[in-house]
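Here is the structure we will look at, set down as structure tokens.
The values are calculated or read from the model by the stated rules, or taken from the named source; none is laboratory data. The structure presented is a predicted model; accordingly, all values stated were derived computationally and were not measured. Cβ coordinates were reconstructed from backbone atoms using ideal geometry, including for glycine residues, and neighbour counts include every protein chain displayed. Areas reflect the complete protein model, heavy atoms only, side chains present, ligands, DNA and RNA absent. Shrake-Rupley method; radii C 1.70, N 1.55, O 1.52, S 1.80 Å.
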Amino acid sequence: MKVLKFGGTSVGSAQRIKNVAALICERGKNIVVLSAMSGTTNTLVEISDYLYKKNVAGAKETVNMLQAKYENVISELFDSEEYREKARKAVGENFDFIRSLNKEIFTLFEEREILACGEMISTALMTLYLQEKGVNVALLPALDFMRTDKNAEPDTEYIRTHLKALLEEHKDADIYITQGYVCRNAYGEIDNLKRGGSDYTASLIGAAIGADEIQIWTDIDGMHNNDPRFVENTKPVHELHFEEAAELAYFGAKILHPTCVLPAKLANIPVRLLNTMQPEAEGTLIYNSPGSRSIKAVAAKDNIISIKIKSGRMLLAYGFLRKVFEIFETHHTAIDMIVTSEVGVSVTIDSERNLDAVVDDLKKFGTVTVERDMVIVCVVGDLEWQNRGFEAEVVNALKDVPVRMISYGGSNYNISLLIRKEDKVRALNLLSKALFE
């Protein structure tokens, strides 16, 4: 059995729901994970914002507009009035629930319940459409098996046992449908796996059932060797190691959510990235493959902040780095890159949220310099140090681009370079020309 996940764009209209339905019916008895239709989650966030601000009229007006959009989808999707009415009822129940949340105090708990409605609606529509076509389909509610523990981490044993019980209960079904993104927390409350969580859902389900393969279906034919928004003639990468895929996902390759990789990697289940619009395309296969002694792809992460701490006290002093890292830990700020010298240390972060507090504490140990609007360019491949020459190719390609920092050796799969935002597009194109042409 395989796990097939379809993102919001893949089910973004009535015709696309039909296309996905045809695609999954061709592929046998599998579990299908669906995101909300594209644009829905953003609208639900907007509705929640109105309710936070106690603007109930604004919230209900937005609800009405979203429901009208789904009414058009229902009219186009179903052939019979019987199933149109079933769909209106299923969709209407979700919107009636949202309208009922006009409490005096609106909290994060109510917002999570609202956000879950997007996936509830998309899976209801897909299930009813398949039933109308005569398919023996079972809807497996994610809230019945997907749960996080008290540390907000997936409760893998709970997921495994409850999902297997549901599958056994519906063992005669030809196709299983479930929601991505949504879950319950350790206290039984409706929660979610954060943005990109549908990828995570698919990976967790795949690990729980020991799937043959996890397929992530989007609107692009696999992970490309560079960013097609800025570089022409990019190509899909046919194979990636899990570590390479994780690096690319973290550093800007939006096709795959970084959290998706780990459960599949630990369970040794291949992940395949495929294109709903071109289902015949080969896509990208991600697995625990041996290295191929090649550079695979380039990605870029924007909105990076560089922080340099220069201190004479660092010279020959032990404990200095620990004190610096403790400051970032205290302020819950993650570090992307780090380089050190005898008298200083430079790091990068990707959020300004606690920047002022971090800088203020760092000034106790030395002179602090902050640079904004930076970009990390990440070159990924089989970059073990014995594979001579790759790092030279990367650096030589950017000989005319000012490079603020270089990180190499912390991973066997990644060279990271920090450059200015205005040099990003030129750097990506220079790397493509040098490494892939």
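Against the test of being surrounded by 22 or more Cβ atoms within 10 Å (Cβ to Cβ) and under 25 Å from residue 21 (Cα atoms), the options 142, 173 yield a single qualifying residue, 142. Does residue 246 fit the bill of being in contact with a Lys or Arg (Cβ under 6 Å, 6 or more places away or on another chain) and over 20 Å from residue 282 (Cβ atoms)? No, not satisfied. Here the condition is being surrounded by 16 or more Cβ atoms within 10 Å (Cβ to Cβ) and out of contact with any helix residue (DSSP H, G or I) (no Cβ under 7 Å at 6 or more places or on another chain); of 379, 425, 401, 339, it holds for 339 alone. Taken together, the residues in the stretch 176-204 that are touching a Leu at 6+ places or on another chain (Cβ under 7 Å), farther than 15 Å from residue 265 by Cβ and open to solvent by less than 40 Å² (accessible area, probe 1.4 Å) amount to 11.
Comparison of 3, 20, 11, 33 shows that the only residue that is surrounded by 16 or more Cβ atoms within 10 Å (Cβ to Cβ), farther than 21 Å from residue 128 by Cβ and touching a strand residue (DSSP E or B) at 6+ places or on another chain (Cβ under 8 Å) is 3.
When 280, 243, 239 are checked against the criterion of being of a type outside the set (Val, Ile, Thr) and free of Cβ contacts under 8 Å to residues at least 24 places away in the same chain, 280 stands alone in meeting it. Of all the residues that make up the stretch 278-287, how many are in a loop (DSSP other than H, G, I, E, B) and either in contact with a helix residue (DSSP H, G or I) (Cβ under 8 Å, 6 or more places away or on another chain) or surrounded by 22 or more Cβ atoms within 10 Å (Cβ to Cβ) (or both)? Of the residues in the stretch 278-287, 2 are in a loop (DSSP other than H, G, I, E, B) and either in contact with a helix residue (DSSP H, G or I) (Cβ under 8 Å, 6 or more places away or on another chain) or surrounded by 22 or more Cβ atoms within 10 Å (Cβ to Cβ) (or both). Of all residues in the stretch 70-83, none are among the aliphatic types (A, V, I, L, M), over 19 Å from residue 37 (Cα atoms) and open to solvent by less than 50 Å² (accessible area, probe 1.4 Å). Scanning the stretch 221-269 for residues that are of a type in the set (Val, Ile, Thr), farther than 20 Å from residue 431 by Cβ and surrounded by fewer than 22 Cβ atoms within 10 Å (Cβ to Cβ) returns a single hit, 259. When you check residue 84 against the structure, is it among the charged types (D, E, K, R), over 30 Å from residue 185 (Cβ atoms) and part of a loop (DSSP other than H, G, I, E, B), yes or no? It is false that residue 84 is among the charged types (D, E, K, R), over 30 Å from residue 185 (Cβ atoms) and part of a loop (DSSP other than H, G, I, E, B). Residue selection: residue 7 satisfies the criterion of being within 16 Å of residue 275 (Cα to Cα) and at pLDDT below 95.
Of all residues in the stretch 404-422, how many are β-branched (Val, Ile, Thr) and open to solvent by 70 Å² or more (accessible area, probe 1.4 Å)? Result for the stretch 404-422: 1. Would you say residue 110 is in a helix (DSSP H, G or I) and open to solvent by 40 Å² or more (accessible area, probe 1.4 Å)? No: the conditions fail for residue 110. Cβ separations smaller than 8 Å between residues 6+ apart or across chains give the following pairs from the stretch 318-333 residues that are more than 17 Å from residue 356 (Cα to Cα) to residues that are basic (Lys, Arg): 320/313.
Do we have residue 275 as in contact with a Phe, Trp or Tyr (Cβ under 8 Å, 6 or more places away or on another chain), surrounded by fewer than 16 Cβ atoms within 10 Å (Cβ to Cβ) and within 20 Å of residue 200 (Cα to Cα) here? Answer is no for this residue.
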